[in-house]
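Structure first, commentary second.
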Amino acid sequence: MKTVEQASLGEARGVDAKQQSPSELLAGDVRSYALFLDCDGTLLDIAPTPNEVRVPPGLVELLVRISKGLGGALAVLTGRQLAEIDTLLTPAKLVGAGVHGAELRTVSGGAIARVASTLPNSLVEEVMRRTQKLPGIIAEPKGPGLAVHYRLAPHLKNALETELRGLLTQYADALVLCHGRKLFEIVPAGHSKGTALETIWALPGFSGRRPIMIGDDIGDVPAFLAARRLGGTGLRVAGEQFGHQDVELQSPARVIAWLGYLAERLDG
Ligand SMILES: [Mg+2]
């Protein structure tokens, strides 16, 4: 039996088989695009811990320039809280969705709305209590979600998953466990980067445009599929989830280079 992840990966590959390459997209009607960007592993190289990521010089200015070139139709879709992204990309406060669609900012510079309710305190406390006993495991509460990183202790992955699935049985309808790059995430059921893309795409300035989603992880697959449904495309970035032979962009550095070309086309 296929796992959800295997099914999603297969679906993403099937979807992407028909899609345009990054260079074909650059040759297209770039002003009609709406750009959706994951952050970690897509714009930023993965670091040993989330706090250690480095924002490349010039990235923020590039994103702001592209946003202007697209009439504001640029959004970040991240598993992080949007406030964290604001700190990383200061002074920009981009349109976007955080915690896999559980947070939303619909206007650049505007307030962050919480779409889903905060996780129950009792669950957060129990996850913190149990993970503190597992050396190298980092639990990171994020309001409506919670990430548990095992990057520093990969041998504990299976034990951790068993613990978390056990804890979630009593929230079966409300919360789901997602597997990302060296982490598990507890997120509200019914929210994903796919729902976030659809919500943002319906906003003035985005609707009617051709959505382009760029991401590197399983959590980005619903957004690739949503982009495709809306007449757009998904570009996968190589990393721990997608192999080099399966992707359209080989690294965050290549994503940024592609964004640079896009900015030039928009300016020209
Ligand atoms: Mg990512």
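Here G180 qualifies as modelled with pLDDT under 95, under 30 Å from A73 (Cα atoms) and either buried (at least 16 other Cβ atoms within 10 Å of the Cβ) or among the polar types (S, T, N, Q) (or both). If I filter segment 109-118 for residues that are in contact with a helix residue (DSSP H, G or I) (Cβ under 7 Å, 6 or more places away or on another chain) and at pLDDT 95 or above, do I get at least one hit? Yes, that holds for at least one residue. If the condition is being free of Cβ contacts under 8 Å to residues at least 24 places away in the same chain and not polar (S, T, N, Q), then segment 131-156 contributes K133, P135, G136, I137, A139, P141, A153, H155, L156.
Yes/no per residue for (1) surrounded by 20 or more Cβ atoms within 10 Å (Cβ to Cβ); (2) under 18 Å from G268 (Cβ atoms); (3) within 15 Å of the ligand (Cβ to nearest atom); (4) within 17 Å of the chain's Cα centre (by Cα):
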position	(1), (2), (3), (4)
Q19	no, no, no, no
F36	yes, no, yes, yes
P48	no, no, no, no
L63	yes, no, no, yes
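Taking only segment 77-87 into account, find how many residues are within 18 Å of G215 (Cα to Cα) and either touching a residue at least 40 places away in the same chain (Cβ under 8 Å) or away from the ligand (no atom under 16 Å from the Cβ) (or both). Final tally of qualifying residues: 6. L197: within 16 Å of the ligand (Cβ to nearest atom), among the hydrophobic types (A, V, I, L, M, F, W, C), in contact with a Pro (Cβ under 7 Å, 6 or more places away or on another chain) and at negative phi, yes or no? Against the criterion (within 16 Å of the ligand (Cβ to nearest atom), among the hydrophobic types (A, V, I, L, M, F, W, C), in contact with a Pro (Cβ under 7 Å, 6 or more places away or on another chain) and at negative phi), L197 qualifies.
Which members of segment 167-194 meet the condition of being aliphatic (A, V, I, L, M) and either within 15 Å of V95 (Cα to Cα) or within 16 Å of the ligand (Cβ to nearest atom) (or both)? Passing the criteria: L183, V187.
For K142, the requirement of being within 16 Å of the ligand (Cβ to nearest atom), modelled with pLDDT under 95, crowded, with 16+ Cβ neighbours inside 10 Å and not hydrophobic (A, V, I, L, M, F, W, C) is met. Among the residues of segment 50-61 satisfying the criterion of being part of a loop (DSSP other than H, G, I, E, B) and on the phi < 0 side of the Ramachandran plot, which is farthest from the ligand (Cβ to nearest atom)? Ranking the candidates gives P57 first. Would you mind stating whether T106 is within 19 Å of S251 (Cβ to Cβ), at pLDDT 95 or above, touching a strand residue (DSSP E or B) at 6+ places or on another chain (Cβ under 8 Å) and assigned by TED's automatic domain parsing to the domain that holds D216? Answer is no for this residue. Within segment 208-250, the set of residues being touching a residue at least 40 places away in the same chain (Cβ under 8 Å) and small (G, A, S) comprises G215, G219, A223, A227, G232, G234, G239. All of (1) part of a helix (DSSP H, G or I); (2) surrounded by fewer than 20 Cβ atoms within 10 Å (Cβ to Cβ) hold for H100 with one exception: (2).
The values are calculated or read from the model by the stated rules, or taken from the named source; none is laboratory data. Because the structure is predicted, anything quoted here is derived from the model rather than measured. Note that each Cβ is placed from the backbone with ideal geometry, even for glycine, and that neighbours are counted across all protein chains shown.
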